[in-house]
Amino acid sequence: APAPGATPEYGRYLITLARCAMCHGPDLRGGPPIDEGSPPAPDIAVWAAPGVWSLEQFIGTMRTGVTPWGRALDAEAMPWKTYGRMTDEELTAIWRYLASRLGEPEGGDGG
């Protein structure tokens, strides 16, 4: 494991531990519903793309379960309450990993 810190490397480690790819796909650009009745998993790359979500908006969404546009995350499909207990440093690391790895969005509004 990399040293804890607000780095993309540590963010990659946390995303691997949290198994984000299980729902959001191996490239984190979205995935099909994991079971019948579940919504498709969104592209989380756009969350950290320049000009879409700020770091503060990302952390706020993970803490409250509400996107910057006022859309509530489905707690059954996305365990945001678990991630909301992460430290600011851990959430910053995840956001920086997404930003460094995925860059510009492939469409959509990020919300």
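The values are calculated or read from the model by the stated rules, or taken from the named source; none is laboratory data. All of these numbers come straight from a predicted model, not from anything done at the bench. Heads up, the Cβs are rebuilt from the backbone with ideal geometry, glycines too, and the neighbour counts pull from every protein chain shown. With ligands, DNA and RNA removed, areas are computed over all heavy atoms of the protein, side chains included. Shrake-Rupley method; radii C 1.70, N 1.55, O 1.52, S 1.80 Å.
Here the average projected area of the convex hull drawn through the C-alpha atoms of segment 18-77 stands at 4.3 nm².
The charge dipole of segment 2-105, taken about the Cα centre with unit charges on the Cβ atoms of Lys, Arg (+1) and Asp, Glu (-1), comes to about 140 debye, rounded to the nearest 20. Of the accessible area of the chain, computed with a 1.4 Å probe over protein heavy atoms only, carbon and sulfur atoms account for 55 percent.
Among the trypsin sites (Lys or Arg not before Pro) in segment 1-100, those located in a DSSP loop and surrounded by at most 11 other Cβ atoms within 10 Å of their own Cβ are Arg19, Arg71, Arg85. Volume per residue of the convex hull around the Cα atoms, evaluated for the chain, comes out as 95 Å³. Going by accessible surface with a 1.4 Å probe and the largest first, Thr67, Thr16 read Thr16, Thr67.
Relative contact order, whole percent, for the chain stands at 36, derived from Cα pairs under 8 Å and 6 or more residues apart.
Between Asp35, Asp74, Asp88, the Gaussian network model of the chain with springs among Cα atoms under 10 angstrom shows the greatest mean-square fluctuation at Asp35. When Val46, Val66 are compared by accessible area at a 1.4 angstrom probe, the order from most to least is Val66, Val46. Note that segment 1-49, at 20 °C in a medium of 1.002 mPa s, gets a Stokes-Einstein diffusion coefficient of 183 µm²/s from its Kirkwood radius over C-alpha pairs. If you average the C-alpha positions of segment 63-88 and of segment 6-26 separately, how far apart do those two centres end up, in angstrom? Segment 63-88 and segment 6-26 have Cα centres separated by 16 Å.
Just the accessible area per residue of the chain, please: how many Å² with a 1.4 Å probe?
Value for the chain: 56 Å² per residue.
Sparse packing (at most 10 other Cβ atoms within 10 Å of the Cβ) combined with a DSSP loop state is found for the following GluC sites (Glu not before Pro) in segment 60-91: Glu76. Extent of segment 47-87 along its three principal axes (Cα atoms, max minus min coordinate, largest first): 28, 23, 13 Å.
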